[in-house]
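What follows is a short report on a single structure.
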Amino acid sequence: MTPEKKSRIIRMCVCAGVLAILIPVAFLTGLIRWNGFGNVKMNLSIFVRLLIMIAGVLCLEAVLVFVLNLIKPKKHRVRTVLSVVASVLKYVAAIVIVCWGLSIIGVNVSTIVASVGIVALVVGFSAESLIADMVTGAFMVFENQYNVGDIVEVGGFRGTVSSIGLRTTCITDPGGNVKIVNNSAMKNILNRSDKPSRAACEIAVPYGTDFRKLESEIPGLLQRIYDEHTDVLKDVPKYLGVNQLADSGVVLKFIGEVDESNIFSGARLLNHDLLLGFKDLGVECPFPQVDVHNIPAN
């Protein structure tokens with residue numbers, strides 16, 4: 001169980017415990033008596049009501065998020081919707097606590113709602129970036145630009161989308177580093193999960209190699225590599241031909257179709273197995289050499 005789940009379970013248990021203690025005590029002592037809305041007031045009865053309400057809302061929100069986290073869908077689209085719903089629940093819980101709390105202490109919430117237009121105008125100018133994040137996040141989800149579990153590249157940072165909220169998107173790279181990006185800053189996104197990925201490998205052979213013989217043996221070598229690594233390679237690697245006539249050798253290029261998550265490990269695998277395979281075929285990979293010629297003095 002992850003630390004986040006443990007923390008959520010502990011918070012849920014604490015809220016439930018507070019409710020289990022406060023509600024019976026409040027009823028037994030007669031502290032809970034609702035006299036309707038009136039002037040703003042605060043006494044022991046109202047204080048207990050506030051505590052029960054806050055604990056109840058937080059407990060319900062924790063239970064709902066916990067249930068959502070128990071769902072392990074295979075499709076990235078469903079995981080994205082669950083992530084957004086979990087984020088929305090937190091905002092809804094905060095709004096409910098504020099509005100319900102104001103009602104408990106006697107504030108006329110309807111008057112506040114009537115004047116919300118002016119407040120929204122003021123907040124809109126002061127929280128422009130917040131609104132932009134939320135609107136952009138909604139559009140990204142509806143347009144299916146990327147989902148939880150997709151591998152994306154944003155601003156040079158490459159990683160897997162771990163969560164999508166109303167305001168931010170969390171991206172985790174292979175090293176476990178998490179980058180939190182505001183939704184409004186998610187521009188020029190490169191979604192690497194949309195199409196199959198190809199791991200590329202370039203390997204050099206000496207100019208003196210018998211290329212006709214080598215190219216006749218390459219298909220068998222590639223088939224053996226695929227048979228040994230079907231967990232990484234999705235198909236038999238392909239030989240694309242001579243890619244470059246370098247100074248010290250002829251560079252051959254190979255590609256292998258892999259999942260995006262295996263694009264780097266697939267390239268390392270091809271480098272390793274092709275190097276050993278060429279050695280087994282009697283072809284040594286060249287390396288830069290310096291020829292020194294002694295010219296006799298006259």
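Tabulated values for the structure
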| read-out | value |
| --- | --- |
| Tally, over the stretch 160-185, of residues that are part of a loop (DSSP other than H, G, I, E, B) and either surrounded by fewer than 12 Cβ atoms within 10 Å (Cβ to Cβ) or in contact with a strand residue (DSSP E or B) (Cβ under 6 Å, 6 or more places away or on another chain) (or both) | 4 |
| In the stretch 144-157, the residues that are part of a strand (DSSP E or B) and surrounded by 17 or more Cβ atoms within 10 Å (Cβ to Cβ) | Ile151, Val152, Val154 |
| Within the stretch 254-298, tally of residues that are modelled with pLDDT under 80 and either closer than 28 Å to Thr209 by Cβ or in a helix (DSSP H, G or I) (or both) | 11 |
| Number of positions in the stretch 213-232 that are over 30 Å from Phe157 (Cα atoms) and either free of Cβ contacts under 8 Å to residues at least 60 places away in the same chain or assigned to a loop (DSSP other than H, G, I, E, B) (or both) | 13 |
| Top-ranked residue in the stretch 64-95 [being surrounded by fewer than 16 Cβ atoms within 10 Å (Cβ to Cβ) and of a type in the set (Val, Ile, Thr); ranked as nearest to Arg49 (Cα to Cα)] | Ile95 |
| Residues of the stretch 253-281 classified as within 16 Å of Ser193 (Cβ to Cβ) and of a type outside the set (Ser, Thr, Tyr), total | 8 |
| Close pairs (6 angstrom Cβ cut-off, 6 or more residues apart or separate chains): over 15 Å from Ile46 (Cα atoms) in the stretch 91-105, of a type outside the set (Asp, Glu) anywhere | Ala93/Val57; Val96/Val57 |
| Residue within the stretch 193-202 that is at pLDDT below 90, in contact with a strand residue (DSSP E or B) (Cβ under 9 Å, 6 or more places away or on another chain) and exposed (fewer than 13 other Cβ atoms within 10 Å of the Cβ) present | yes |
| Per-region count, the stretch 70-85, residues more than 15 Å from the chain's Cα centre (by Cα) and assigned to a helix (DSSP H, G or I) | 2 |
| Exclusive hit being within 28 Å of Pro174 (Cβ to Cβ), without any contact (Cβ under 8 Å) to a residue 40 or more places away in the chain, of a type in the set (Asp, Glu) and outside the structural domain of Val152 (by TED's automatic domain parsing), set Asp210, Asp235 | Asp235 |
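The values are calculated or read from the model by the stated rules, or taken from the named source; none is laboratory data. Since we're looking at a predicted model, the values are computed, not measured. As a convention, Cβ positions derive from the backbone with ideal geometry for all residues, glycine included, and neighbour counts pool all protein chains shown.
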